[in-house]
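Structure, as structure tokens:
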Amino acid sequence: MMVAMSTYDLPRRPRRLRQNAAMRALTAETRLHPADFILPMFVADGIEEKREITSMPGVYQHTTDSLKALCHEALEAGVKCIDLFGVPLDEDKDATGSVAWDPEGVLNRNLRALREEFGNDLLIMADTCLDEFTDHGHCGALSTDRYGNQFVDNDATLPLYAQMAVSQAEAGAHIVSPSGMMDGQIAVIREALDQAGHQDVAIMAYSAKYASKFFGPFRDAVGSSLQGDRRTYQQDPANIRESLLETELDLDEGADFVMVKPALPYLDVLSQVAEISPVPVAAYQVSGEYAMMVAAGRNGWIDFEETMMESLMSIKRAGADQILTYYAIEAAKELK
Ligand code: PBG
């Protein structure tokens, strides 16, 4: 069948710039680069072999050796930063999470091992939060109010974060990343780092962090002891204005980076934070975002690799300068 020749006199034909791959590459507004990515990693005490996390296929709890091996792979792929979470033995957990600042605790020991192995070639970021280390699984210390109710005590937690951050700096972390959403945490950590002589250690502030069900698989990943939720300290998914307040406070308190978390369900937040931030803006593509795409891919319902790359592109387009993603190495390899 013959198709009639176009005689329409259109003032603009946007399809001209989409006609082939070279033209699309020439006109792409956003480009991903391996150096955009930060790889979150888990290192566990008491395991002999790395152990795959059931709800995060392809992601592991590592031993020191497998951690180092994967860091080498990251570096070769062009990823320049990792974010380390520690998984202690259950018997080492207590009410304040004190193994978090023990120089021999799982996190500090492995930060030290990585810094010794990689020097300044690979940036070592440490998660600065207590939830993996407390026996109740909350991100801070608990107190009891005068009505007998337990609550996560903001000001009792701040000195614990300060102590943890200093111990991470001593262990060799280039960046500490307070993720507990306590008010004032950036100021207190900055002051403690400076007083201990760690002026060069940067702070990536989890500024807009929501009380999100998308963190589900992470709780498996770190063997979390949490009962209940974090809604008294992490943000309400209904709100965006308070993300801007949280960001401004963290900037005033000395944050070197700000972060929005989760990423894909909160692109509007990311874009508004990016508008106001004079410092780099990171976004964390969290465990649940990763798990959903892997699961749908395994069912043959979506193309996992391409969907993943599209979602990373969307996160960058929305305003992220850095993206924390469990897919960092694979994405970096795909971009080479
Ligand atoms: C808390 C922390 C969490 C994540 C990173 N840091 C969990 C939480 O706040 O409950 C989630 C990361 C992810 O889901 O990938 N220290």
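The values are calculated or read from the model by the stated rules, or taken from the named source; none is laboratory data. Quick caveat, the model's predicted, so the values are computed rather than measured. Every residue, glycine among them, receives a Cβ derived from its backbone with ideal geometry; neighbour counts consider all protein chains shown. Remember, those area values only see protein heavy atoms, side chains included, never the ligands or the DNA or RNA. Shrake-Rupley method; radii C 1.70, N 1.55, O 1.52, S 1.80 Å.
Overview of values
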quantity	calculated
Enumeration of residues in segment 293-312 that are exposed (fewer than 15 other Cβ atoms within 10 Å of the Cβ) and more than 17 Å from Ser55 (Cα to Cα)	Gly300, Trp301, Asp303, Glu305, Glu306, Glu310
Out of Leu251, Leu226, Leu245, sole residue that is touching a helix residue (DSSP H, G or I) at 6+ places or on another chain (Cβ under 7 Å) and over 28 Å from Phe118 (Cβ atoms)	Leu226
Matching strands (runs of 3 or more DSSP E) fully within segment 17-73 where at least 2 residues are in contact (Cβ under 8 Å) with a residue 24 or more places away in the chain	37-44, 56-62
Index of the failed condition, Leu67 passing every other in (1) open to solvent by 30 Å² or more (accessible area, probe 1.4 Å); (2) within 13 Å of Leu114 (Cβ to Cβ)	(1)
Selection within segment 218-241 - within 9 Å of the ligand (Cβ to nearest atom), modelled with pLDDT of 95 or more and part of a helix (DSSP H, G or I)	none
The lone exception for Glu76 - which of (1) touching a residue at least 24 places away in the same chain (Cβ under 8 Å); (2) open to solvent by 10 Å² or more (accessible area, probe 1.4 Å); (3) of a type outside the set (Val, Ile, Thr) it fails	(1)
Residues satisfying the stated conditions in segment 179-196, i.e. within 16 Å of the ligand (Cβ to nearest atom) and of a type in the set (S, T, N, Q)	Ser179, Gln185
Filtered residue count, segment 297-317, keeping only those that are in contact with a Gly (Cβ under 7 Å, 6 or more places away or on another chain) and within 16 Å of Arg31 (Cβ to Cβ)	0
Candidate set from segment 113-135 (those that are within 16 Å of the ligand (Cβ to nearest atom) and in a loop (DSSP other than H, G, I, E, B)); member that is farthest from the chain's Cα centre (by Cα)	Asp135
Scan of segment 313-336 for residues that are in contact with a Pro (Cβ under 7 Å, 6 or more places away or on another chain) and open to solvent by less than 70 Å² (accessible area, probe 1.4 Å), ordered by number	Gln322, Leu324, Tyr326, Ala332, Leu335
Single condition Leu39 does not satisfy, out of (1) within 16 Å of the ligand (Cβ to nearest atom); (2) at pLDDT below 95	(2)
Which numbered condition Val152 fails, given (1) of a type in the set (Val, Ile, Thr); (2) touching a Leu at 6+ places or on another chain (Cβ under 7 Å); (3) within 21 Å of Asp252 (Cβ to Cβ)	(3)
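Per-residue answers, yes or no, for (1) modelled with pLDDT under 95; (2) in contact with a strand residue (DSSP E or B) (Cβ under 9 Å, 6 or more places away or on another chain); (3) among the β-branched types (Val, Ile, Thr):
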position: Asp94; (1), (2), (3): no, yes, no
position: Glu104; (1), (2), (3): no, no, no
position: Thr134; (1), (2), (3): no, yes, yes
position: Gln163; (1), (2), (3): no, no, no
position: Gly184; (1), (2), (3): no, no, no
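Residue by residue, here is whether (1) assigned to a loop (DSSP other than H, G, I, E, B); (2) farther than 30 Å from Ala113 by Cβ; (3) in contact (Cβ under 8 Å) with a residue 12 or more places away in the chain holds:
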position: Ser143; (1), (2), (3): no, yes, yes
position: Tyr147; (1), (2), (3): yes, yes, no
position: Thr157; (1), (2), (3): no, no, yes
position: Leu160; (1), (2), (3): no, no, yes
position: Met164; (1), (2), (3): no, no, yes
position: Ala169; (1), (2), (3): no, no, yes
position: Ser177; (1), (2), (3): no, no, yes
position: Ala187; (1), (2), (3): no, yes, yes
